[in-house]
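Participant: Dropping the structure in here first, questions after.
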Amino acid sequence: MHWKQTIGGILFFFILFLSVGSGSPAGDAERLIDVFHQVGGKPEKIVLHHGGRTQTPWSRKEVFELARKLSRDLDLGPARQTEDRHGHRWTAEGEWERNLQVRLNVINDRVELQKNRPYISVQLSGRGHSDREWSRFRHRLEKLLIRNGIDPHIQFSIQGSRPGGADPEETIRQVLERLEAREVEGMRTDRTTSISAFSPVLRGGLQTKGGTMNLQVAVRMDRRSERMILTLGTPIITVEY
């Protein structure tokens, strides 16, 4: 029996290692923050977000218990349940630290089924925290999700401004150059430019029509305040830009 327990323990930590690897790796957030500063950006909002369905189906009662447990583990207030034509939703909010807001959403959109894979969203939003703190927040979130049987799918976004005289295309070129990234596809209008790209210094990625991407860069000109709104995200931007 002893050797079975030993093998079981090894397999557990091997699976845990693989699960951690599926999240946003250490260093990605720091790289984006660093590049943001290098191109002259002034950070105003940083968001760390997990979003995705559970790997295994849960019963309606289990989804309810999961929502309650996640809200406790995240040190949030009680999960509030609402119902509409889209299904059942549990929402909880709170703070981890000063200026760091945390919001949880657990959505069971197929309540007619005996078991379903609910959608889990956890968003950390703040400003004024150091690079190392964001790395610590990410590791804490990933560890908590894994402990609850949820595979982390982490996105990181940073948004802020530059003086309005800055050139949008030159700003994007500088970001891509510093991250050794190549453009995969883009959208350009009179006021907004959004580029999807692939960077070898950032891990992970999503498949698009144009290829694999793990970086988004968006620039919007705010003519009223005469400033440029710059947003960076990996693998995608999860805030309005």
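Participant: In whole Hz and in residue order, list the ³J(HN,Hα) couplings for the stretch 132-147 that follow from phi through the Karplus curve 6.51 cos²θ - 1.76 cosθ + 1.60, θ = phi - 60°; x for Gly and Pro.
Facilitator: Each residue's phi maps through the Karplus curve to give 5, 5, 5, 5, 5, 4, 4, 5, 5, 5, 4, 4, 5, 5, 4, 4 Hz.
Participant: Across the Cα atoms of the stretch 57-100, what radius of gyration and what greatest pairwise Cα-Cα distance (Dmax) are found, in Å?
Facilitator: Cα-based Rg and Dmax for the stretch 57-100 come out at 12.0, 36 Å.
Participant: Angle, helix 168-178 long axis vs. longest principal axis of the chain, Cα atoms, 0 to 90°, nearest 10?
Facilitator: 60
Participant: Which of LEU76, LEU144, LEU113 moves the most in a Gaussian network model of the chain with Cα springs under 10 Å?
Facilitator: Maximum fluctuation in the GNM of the chain, among the listed residues, is at LEU113.
Participant: Comparing GLY40, GLY77, GLY87, which has the greatest mean-square fluctuation in the GNM of the chain with Cα pairs linked when under 10 Å apart?
Facilitator: GLY87
Participant: Per-residue HN-Hα couplings for the stretch 32-38, Karplus 6.51 cos²θ - 1.76 cosθ + 1.60 at θ = phi - 60°, whole Hz, x for Gly and Pro?
Facilitator: Values per residue, Gly and Pro as x: 5, 4, 4, 5, 4, 5, 4 Hz.
Participant: At 1.4 Å probe size, with no ligands or nucleic acids counted, give the accessible surface of GLU177 in Å², nearest ten.
Facilitator: 110
Participant: Between the helical axis of 60-73 and the dominant principal axis of the chain, each derived from Cα atoms, what acute angle in degrees is found, rounded to the nearest 10?
Facilitator: That helix lies at roughly 60 degrees to the long axis.
Participant: Would you compute the Debye intensity of the chain from its alpha-carbon atoms alone, equal scatterers and no solvent, and pass along log10 I(q)/I(0) at q = 0.08, 0.09 Å⁻¹ to two decimals?
Facilitator: Result of the Debye calculation: -0.36, -0.45.
Participant: Please report the spacing between the Cα centers of the stretch 72-88 and the stretch 165-207 in Å, no decimals.
Facilitator: 36
Participant: I need the trypsin sites (Lys or Arg not before Pro) found in the stretch 80-129, filtered to DSSP loop residues with at most 12 other beta carbons within 10 Å of theirs.
Facilitator: Here the sparse-neighbourhood loop sites are ARG85, ARG98.
Participant: Turning to a different aspect of this structure: In Å and whole numbers, how far do the C-alpha atoms of the stretch 67-149 stretch along each principal axis, longest first?
Facilitator: Largest first, the stretch 67-149 extends 45, 22, 17 Å along its Cα principal axes.
Participant: Sort LYS209, LYS42 by accessible area with a 1.4 Å probe, largest first.
Facilitator: Details: LYS209 210, LYS42 130 Å².
Sorted by accessible area, descending: LYS209, LYS42.
Participant: Note down the magnitude of the dipole of the chain about its Cα centre, charges +1 on Lys and Arg C-beta and -1 on Asp and Glu C-beta and zero elsewhere, to the nearest 20 debye.
Facilitator: Details: 37 positive and 30 negative charges, 129 e Å.
For the chain, the charge dipole is close to 620 debye.
Participant: If you roll a 1.4 Å probe over the heavy atoms of the protein chains, what accessible area per residue do you get for the chain, in Å²?
Facilitator: Normalised by residue count, the accessible surface of the chain is 55 Å².
Participant: Another question about this same structure. In a solvent-free Debye calculation with one equal scatterer on each Cα, what is log10 I(q)/I(0) for the stretch 155-216 at q = 0.15, 0.23 Å⁻¹, listed in the order of the q values?
Facilitator: With no solvent term, the Cα-only Debye profile gives -0.48, -1.07.
The values are calculated or read from the model by the stated rules, or taken from the named source; none is laboratory data. Nothing here was measured: the structure is a model prediction, and the numbers come from that model. Note: ideal-geometry Cβ built from the backbone for every residue, glycine included; neighbour counts use all protein chains shown. Remember, those area values only see protein heavy atoms, side chains included, never the ligands or the DNA or RNA. Shrake-Rupley method; radii C 1.70, N 1.55, O 1.52, S 1.80 Å.
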